[in-house]
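Here's the structure we're looking at; comments come further down.
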Amino acid sequence: MAGEWWDMDLLKADWGIQQHVIDPYFNASTINGKLGDLYSCSGAVEDGYLLDVEPGRIYLLRIINAALFAEYYLKIAGHKFTVVAADANYVSPYTTDVIAIAPGETVDALLVADADPGRYYMVALPNQSPLPDPQNPTLITRGIVQYGNKQRAAEGEGRPSSDIPVSPEMPDQHDMITSFYFHGNLTGLHHPQHLEVPKHVDERLFITLGLGSVCRGGQSSCKRSENNESVDVATMNNFSYQQPAVATPLLELHYYNTDNCVLSMLQELPDKPPRVFNYTDPALILPGPKEAKLEPTSKATIARRFRQGAVVEVVFQGTAILSSESNPMHLHGHDMFVLAQGEGNYDATRDVPRYNLVNPAVKNTVFVPRLGWVAVRFIADNPGIWYMHCHFEFHVSMGMVALFIVEDGSTVDTSLPAPPADFPTCGHDHNVMSNEFYPI
């Protein structure tokens, strides 16, 4: 498990991101909660994750990115992985020496212990977009894969020393193409339970992902471009998600058919952005006259309703507005067929013929590449209210969230079940955030 160690209360970090008053970042990367020997917190080298292996054996590694802020590259010196599943769905076996895994993603990979006896570093490196995007510290961590004692005792000349682990050659922290190719090489595995890609599409959405700003205090006009009069937000089709001010959970209101109440507080997520522009123009990354025209946005509780069983196609288009970050987009309650990905701006005439409708990867978190796009298709067959959001925590805190509402079908199995008898209720007065973090 790739993760992060924070020397900060995460609730305070979340509030600081929302209010744009602090720029929090984690202090160290971890593998299975271990900092590794690159860190020294109290004058002594920290312990790292240790994986003991026996020569010739095959190990199934279930890899999770539980981090909040970064996609990671994972490598083990002298070894290769065979990826066999992603997000708990089988993929066609794919051999690689590096795994790219974003927050919210999982990867199952086979590791064959076929190297010379010794010790080998397992390294996790967080990547990031290059300048002119804001730069963060490079916080690498590493564990060790070591062969069993009997084999190490029998090692001969010319083989790696059992005391000095071998280090892998890592991609550059700004190398985004390695991630692009890793995700693009994942395809679905045909097996008896595999899902067929639906050919007919009922609804199509084109969703731009980016940053913008809103005026503080609900003002209609203000100075922008990182001015204190405005707050930076993250957007989907120029809307930034705002939590509704209701005491009763939306899912409960939805179940009891209080639709008028629910609908009155929701803003429909549009089919497409309000304007067409060169979404991936690098000139939009830094504040300036061109970017300023696109920066103003709105806050609302954005949602989209789908009838039970509808086939929905979504194209996620990354943008360069104030940032060229990638976006791991996660849909709760459903899996998505990943039809295609590309760099630059999506072009239906050019890109639809390239859709993989035969054996696409099936995932619940899709990685939208930096200044690129991803096309997905899913069946809205799980009734209820589901989050669609970016899995970078700073984007969630800033509002890159929408609600996908799937209506009930005609049967018990396609309808939302009743809340359990012991279902807890809570209101906004039960605030999980300490008052000291909020301005009075």
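I'd like the distance separating the alpha-carbon centroids of the stretch 179-246 and the stretch 327-351, in whole Å.
Using only Cα atoms to place each centre, the spacing works out to 11 Å.
What is the set of long-range amide H partners of G188 at a cut-off below 5 Å, with H atoms built 1.01 Å from backbone N?
So G188 has HN proximity to S92, A361.
Report for the chain the percent antiparallel among DSSP-assigned beta bridges with both residues inside it, nearest 5.
Once the DSSP bridges in the chain are tallied, antiparallel ones form about 75 percent.
For the stretch 203-414, what mean projected area does the convex hull of the alpha carbons give, in nm²?
The number I arrive at for the stretch 203-414 is 12.5 nm².
Arrange the peptides 374-385, 2-13, 297-308 so that the one whose residues have, on average, the most other Cβ atoms within 10 Å appears first.
The most tightly packed comes first, giving 374-385, 297-308, 2-13.
Using 0.36 nm per residue, how much length does the chain from F423 to A283 gain when fully extended, once their Cα-Cα distance is taken away?
Here the answer is 45.3 nm.
Which whole-Hz ³J(HN,Hα) couplings does the stretch 187-203 yield from phi under the Karplus relation 6.51 cos²θ - 1.76 cosθ + 1.60, θ = phi - 60°, glycine and proline marked x?
Karplus-based 3J(HN,Hα) across the stretch 187-203 equals 10, x, 9, 6, 8, x, 9, 5, 8, 7, 6, x, 8, 8, 10, 8, 9 Hz.
Can you run phi through the Karplus equation (6.51, -1.76, 1.60; θ = phi - 60°) for the stretch 18-28 and list ³J(HN,Hα) in whole Hz, with x for Gly and Pro?
With coefficients 6.51, -1.76 and 1.60, one gets 4, 8, 6, 10, 9, 10, x, 8, 6, 9, 6 Hz.
Can you tell me which lysines have their Cα less than 23 Å from the Cα of K75? Leave out same-chain residues fewer than eight positions away.
Qualifying lysines at Cα under 23 Å: K34, K363.
What residues have an amide H closer than 5 Å to that of W6, excluding those fewer than 5 places away on the same chain, when H is modeled at 1.01 Å from N in the peptide plane?
N27
For the ranges 207-214, 353-360, 407-414, what's the packing order if you count other beta-carbon atoms within 10 Å of each residue, average per peptide, and put the highest first?
207-214, 353-360, 407-414
Using a Förster distance of 41 angstrom, determine the FRET efficiency expected from the C-beta separation of K223 and H194, and round it to 0.05.
0.15
Starting from the amide H of A85, placed 1.01 Å from N in the peptide plane, find each other amide H under 5 Å away whose residue is 5 or more places distant or on another chain.
Sorted by chain and number, the residues that satisfy this are V91, D108.
How large is ³J(HN,Hα) for each residue in the stretch 407-415, as worked out from phi by the Karplus curve 6.51 cos²θ - 1.76 cosθ + 1.60 (θ = phi - 60°), to whole Hz, x for Gly and Pro?
Once rounded to whole Hz, the list reads 6, 5, x, 8, 10, 4, 5, 10, 10.
Since every read-out is calculated from the coordinates, none of them should be taken as a lab result. From a predicted model like this one, the values you see are computed outputs, not experimental measurements. Neighbour counts run over all protein chains shown; Cβ positions are idealised from the backbone, glycine included.
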